[in-house]
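Worksheet: the structure to be examined is printed underneath.
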Amino acid sequence: MDGIGLDEGLAAGISGSTDGLQLIAFSIGEQTYGVEITTVREIRAWNGATPLPNTRDYVRGVINLRGTIVPIFDLRARFGEGRTEPTKTHVVVVLSVGEKWVGLLVDAVSDILTVARETIHPVPQGNSLDNELLLGIITHEQRMVGLIDLPAVVGWTRAAA
C-alpha cells in the first residue's frame, strides 16, 4: 500500500457504490472492526458449535444453519489475542464470502456505519497480524475501525471466495 489512497488490493476488497460504504461494526475487546453490510446474512446468539478435528485454534467448529453447514471462526483467536470464552452476550455474525458462508464469533455487534470511501486509510506497515487481515482503517466519530478482509481472515484467496 502506498499510504496515499486506496491501493488495488484495498479497492478489490471493497464493493458497492463510489459514494459511501455501509458497514456493520462489532467489537473484540476494546477494538472495533467492521465488514460490509452487504455480506451479512444473519446475526445470532452464540449457542456453541460442533468442533472439528485437526483444525486451527481459531476455528470453533461448525453449525447447521437451516441445512447449510457454516464454519465458525473465533475472531479474537484469529487476531492472535487468545481464545474467546463465550458468554450469553457473544454473537455470531454469519457472512457470505462469494458462494461460501462463514460465521465470526465476536463480543458484540455495536453499530451500522455509513462511511465515505475517502475515510478508508491503508493499514500502517508493521509486524502485526492485523496488517494481513485488514483491508484498511477507518476513522469514524473519534474511533478507529478496522475494515476486515474476510477472505484473509478465513484463509481463502479472493479467487476462491
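Out of (1) closer than 17 Å to ALA25 by Cα; (2) at pLDDT 95 or above; (3) more than 14 Å from the chain's Cα centre (by Cα); (4) β-branched (Val, Ile, Thr), the odd one out for VAL102 is which?
Every listed condition holds for VAL102 apart from (3).
Are there any pairs, at least 6 apart or on different chains, whose C-beta atoms fall under 8 Å, with the first in segment 69-83 and farther than 18 Å from ASN131 by Cβ and the second basic (Lys, Arg) and assigned to a helix (DSSP H, G or I), and if so, which?
GLY82/ARG76; ARG83/ARG76
Within segment 105-135, track down each residue that is polar (S, T, N, Q), over 21 Å from GLY29 (Cα atoms) and either within 13 Å of the chain's Cα centre (by Cα) or surrounded by 11 or more Cβ atoms within 10 Å (Cβ to Cβ) (or both).
Passing the criteria: THR114, THR119.
How many of the residues in segment 48-68 are part of a loop (DSSP other than H, G, I, E, B) and either in contact with a Lys or Arg (Cβ under 7 Å, 6 or more places away or on another chain) or more than 20 Å from GLY82 (Cα to Cα) (or both)?
So the answer is 5.
Inside segment 105-144, can you point out the residues that are modelled with pLDDT of 95 or more and in a loop (DSSP other than H, G, I, E, B)?
Hit for segment 105-144 is ASP107, nothing else.
The rows are residues; the columns are (1) modelled with pLDDT of 95 or more; (2) out of contact with any helix residue (DSSP H, G or I) (no Cβ under 8 Å at 6 or more places or on another chain); (3) within 18 Å of ALA25 (Cβ to Cβ).
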{"residue": "ASP57", "(1), (2), (3)": "no, no, no"}
{"residue": "ILE72", "(1), (2), (3)": "yes, yes, no"}
{"residue": "PHE79", "(1), (2), (3)": "no, no, yes"}
{"residue": "THR89", "(1), (2), (3)": "no, yes, yes"}
{"residue": "VAL92", "(1), (2), (3)": "yes, yes, yes"}
{"residue": "LEU95", "(1), (2), (3)": "yes, no, yes"}
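For GLU141, state whether it is closer than 23 Å to LEU23 by Cα, among the acidic types (Asp, Glu) and surrounded by fewer than 16 Cβ atoms within 10 Å (Cβ to Cβ).
Yes; evaluated as a whole, the condition is true for this residue.
The values are calculated or read from the model by the stated rules, or taken from the named source; none is laboratory data. Fair warning: this is a prediction, and the values are worked out from it, not measured in the lab. Using ideal geometry, Cβ is built from the backbone for each residue, glycine included, and neighbour counts are taken over all protein chains shown.
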